[in-house]
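Visitor: Handing you this structure, nothing more for now.
Derivation of every value follows stated rules applied to the coordinates shown; laboratory data play no part. Treat the numbers as computed from the prediction; the structure is a model and nothing was measured. All Cβ positions, even for glycine, are placed from backbone atoms using ideal geometry, and neighbour counts span all protein chains on display.
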Amino acid sequence: MISPKTLTELLEYDSETGVLHWKPRPLSLFHSGVRSAEWQATAWNSKNAGKEAFTADNGRGYRRGTICLTGKAKQYLAHRVIWAITYGIWPVLKMDHIDGNGFNNRITNLRLATDAENARNCRPSLGSTSKYLGVWWRPSRAKRQTSFKGRWVAQITVDRQRIVIGSFDDEVGAANAYNAAARDRFGAFARLNDTKA
């Protein structure tokens, strides 16, 4: 693991935008090999110094980048690097993006979280029957006999257990019921539905 001190020598972090930029690298970070250290430093700085760093998408909605020192390359997630730069220590827990946007790396949007806390702050799944988290449509043609048929169902998952909150005539009512349960169960890590639109 690269030290947070070394990260501050390599990268400039703008806390207002949440963006990292490469700093010019000193000659001391390059070692002569096939090319001289001077040649490598000039080539690297002309290509990268001042440019935005960690711009790649890791495929899971987070920014990532590669740091190569002394011929060894290692990939890092931008939000973990930002935490290390800001606080001088690598995060020991998972990192949670408070607004759920993995590209928003403002330090005010980042917090440490346990696995359970991180899982609570999630978005509705793709393919969901509702635009709201914790809400789904129970069609009237469903095979199981239930009073929820043809209604919006609100449910919450706590410690891997699904708990049905209730069934509702409208989607917004179910979303508001989920919000109340999430606030009660998850506190600051609750992702709430915006039902005011």
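Visitor: Select from the stretch 165-183 the residues that are aliphatic (A, V, I, L, M) and either under 16 Å from T129 (Cα atoms) or in a helix (DSSP H, G or I) (or both) and list them in ascending order.
Guide: Hits for the stretch 165-183 are V172, A174, A175, A177, A180, A181, A182.
Visitor: Now for a different question. Looking only at the stretch 65-98, filter to residues that are within 11 Å of the chain's Cα centre (by Cα) and charged (D, E, K, R); which one of those is farthest from K5 (Cα to Cα)? It would help to see each step written out before you state the result.
Guide: Within the stretch 65-98, the subset within 11 Å of the chain's Cα centre (by Cα) is 77-80, 94-98.
Restricting the remaining residues to those that are charged (D, E, K, R) gives 80, 94, 96.
Working: R80: 14, K94: 21, D96: 23 Å.
That would be D96.
Visitor: Could you look through the stretch 177-197, keep only residues that are more than 20 Å from the chain's Cα centre (by Cα) and closer than 18 Å to T157 by Cβ, and pick out the one that is surrounded by the most Cβ atoms within 10 Å (Cβ to Cβ)? Even if it seems obvious, please write down each step before you answer.
Guide: Narrowing the stretch 177-197 to residues more than 20 Å from the chain's Cα centre (by Cα): 177-181, 183-185, 195-197.
From what is left, the residues that are closer than 18 Å to T157 by Cβ are 177-181, 183-185.
On the way: A177: 22, Y178: 27, N179: 20, A180: 14, A181: 19, R183: 12, D184: 10, R185: 15.
Restricting to residues being more than 20 Å from the chain's Cα centre (by Cα) and closer than 18 Å to T157 by Cβ, the top hit is Y178.
Visitor: While we're here: Of the numbered conditions (1) in contact with a helix residue (DSSP H, G or I) (Cβ under 9 Å, 6 or more places away or on another chain); (2) assigned to a loop (DSSP other than H, G, I, E, B); (3) in contact (Cβ under 8 Å) with a residue 24 or more places away in the chain, D99 fails exactly one; give the number of that condition.
Guide: (3)
Visitor: Separate question: Restricting to the stretch 156-171, give me the number of residues that are within 22 Å of K196 (Cβ to Cβ) and surrounded by fewer than 17 Cβ atoms within 10 Å (Cβ to Cβ). Please lay out each step first, then the result.
Guide: Our first condition is that a residue be within 22 Å of K196 (Cβ to Cβ); within the stretch 156-171, this holds for 156, 165-166, 168-171.
Next, from what is left, pick out any that are surrounded by fewer than 17 Cβ atoms within 10 Å (Cβ to Cβ): 166, 169-170.
Final tally of qualifying residues: 3.
Visitor: Residues in the stretch 30-44 that are surrounded by fewer than 16 Cβ atoms within 10 Å (Cβ to Cβ) and touching a residue at least 12 places away in the same chain (Cβ under 8 Å): how many? Please lay out each step first, then the result.
Guide: We begin by selecting, within the stretch 30-44, every residue surrounded by fewer than 16 Cβ atoms within 10 Å (Cβ to Cβ); these are 31-39, 42-43.
Add one more test, that the residue is touching a residue at least 12 places away in the same chain (Cβ under 8 Å), and what stays is 31, 33.
Adding up the residues that qualify gives 2.
Visitor: If you don't mind, there's one more thing I want to ask. Is there a residue being touching a residue at least 60 places away in the same chain (Cβ under 8 Å), in contact with a helix residue (DSSP H, G or I) (Cβ under 8 Å, 6 or more places away or on another chain) and surrounded by 13 or more Cβ atoms within 10 Å (Cβ to Cβ) anywhere in the stretch 17-25? Show your work before the answer.
Guide: Kept after step one, since they are touching a residue at least 60 places away in the same chain (Cβ under 8 Å), are these residues of the stretch 17-25: 17-20.
Cutting the leftovers down to in contact with a helix residue (DSSP H, G or I) (Cβ under 8 Å, 6 or more places away or on another chain) gives us 18, 20.
Filter once more, so that each one left must be surrounded by 13 or more Cβ atoms within 10 Å (Cβ to Cβ): 18, 20.
For the stretch 17-25, residues touching a residue at least 60 places away in the same chain (Cβ under 8 Å), in contact with a helix residue (DSSP H, G or I) (Cβ under 8 Å, 6 or more places away or on another chain) and surrounded by 13 or more Cβ atoms within 10 Å (Cβ to Cβ): present.
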